[in-house]
1. Within the stretch 86-95, is even one residue under 19 Å from the mean Cα position of the chain (by Cα) and either at pLDDT below 95 or not in a helix (DSSP H, G or I) (or both)?
2. Would you check if residue 137 is open to solvent by less than 80 Å² (accessible area, probe 1.4 Å) and within 30 Å of residue 60 (Cα to Cα)?
3. State which residue is surrounded by the fewest Cβ atoms within 10 Å (Cβ to Cβ) when the search covers only the stretch 10-31 and only residues that are farther than 24 Å from residue 76 by Cβ and at pLDDT 80 or above.
4. Any residue that is touching a Leu at 6+ places or on another chain (Cβ under 9 Å), free of Cβ contacts under 8 Å to residues at least 12 places away in the same chain and surrounded by 15 or more Cβ atoms within 10 Å (Cβ to Cβ) - is there at least one of those in the stretch 114-125?
5. If a residue must be in contact (Cβ under 8 Å) with a residue 60 or more places away in the chain and either acidic (Asp, Glu) or open to solvent by less than 40 Å² (accessible area, probe 1.4 Å) (or both), how many such residues does the stretch 82-98 contain?
6. Can you find a residue that is open to solvent by 30 Å² or more (accessible area, probe 1.4 Å) and touching a Lys or Arg at 6+ places or on another chain (Cβ under 9 Å) anywhere in the stretch 166-177?
7. Test residue 129 against the stated conditions and say whether it is more than 20 Å from residue 210 (Cβ to Cβ), assigned to a helix (DSSP H, G or I) and among the aliphatic types (A, V, I, L, M).
Amino acid sequence: CGACYAVCPEAAITVLGLEDVPTPPVSDPPPVGPDAMMTLLAQRRSRRAYSAEPVSRDHLEAIIRAASLGPSSQNRRPVSAHVYQDPEAISRIRQATLAYCRQLQTLSRLPGFALLWRLTGRPPDQLPLLRGNLRHLLSPDNEGDPLLYNAPALLAFTVPRGEAEAVGDAWIAAQNAVIYAETIGVGTCYNGFVAAAAGTQGVRRALGLPRGENV
């Protein structure tokens, strides 16, 4: 897990494969004070307006590095990060996700959908919220990009299919990435529609996911 490597005061331990990975020694007190950390957490907001300026490679690599530092069940570290910056690739992901949302909207209007919703254990009061979100997302009056907000970069975190513990690892990694991004002036927003649609073949193809990997 690298704990011995990190805490050795004499740097006397070498872990094969980690020789070039900077691992700062554990400090007491931590390098970030509690007030500053609480302020950062309180000020973090989901951003839905983005600059057209590309996110630099250095920033993306640092964000993924932050994600990789999250704890992992049994230290297996099964999470992979997929980065999309090409406008055409992002457009394919957008269109495939919107196609899924149109199918979901059609299903949600069927007479038996509310019963199915309850049978799957979902709170009944969330169904009108879903329908309202879909109406907004798919409205022909929309201008711009109500799904991805013209974000210049998209990150998807994946884990091997069927590994329940790995899903938790991925959420932790994503939150590490989101919090770190705040410190370098990169705004972020989780996208539940893309995440939900990522199980469909159309969105999987658009994302170019390896077989056996799920968002």
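The values are calculated or read from the model by the stated rules, or taken from the named source; none is laboratory data. As the structure is a prediction and not an experimental result, all values here were calculated from the model. When we count neighbours, we look across all protein chains shown, and the Cβ atoms used for this are built from the backbone with ideal geometry, even at glycine. Keep in mind that these areas ignore ligands, DNA and RNA; they rest on the heavy atoms of the full protein, side chains included. Shrake-Rupley method; radii C 1.70, N 1.55, O 1.52, S 1.80 Å.
1. Yes; the residues of the stretch 86-95 include at least one that is under 19 Å from the mean Cα position of the chain (by Cα) and either at pLDDT below 95 or not in a helix (DSSP H, G or I) (or both).
2. In short, yes.
3. Only one residue fits best here, namely 10.
4. yes
5. Residues meeting the conditions: 7.
6. The answer is no; no qualifying residue exists.
7. Against the criterion (more than 20 Å from residue 210 (Cβ to Cβ), assigned to a helix (DSSP H, G or I) and among the aliphatic types (A, V, I, L, M)), residue 129 qualifies.
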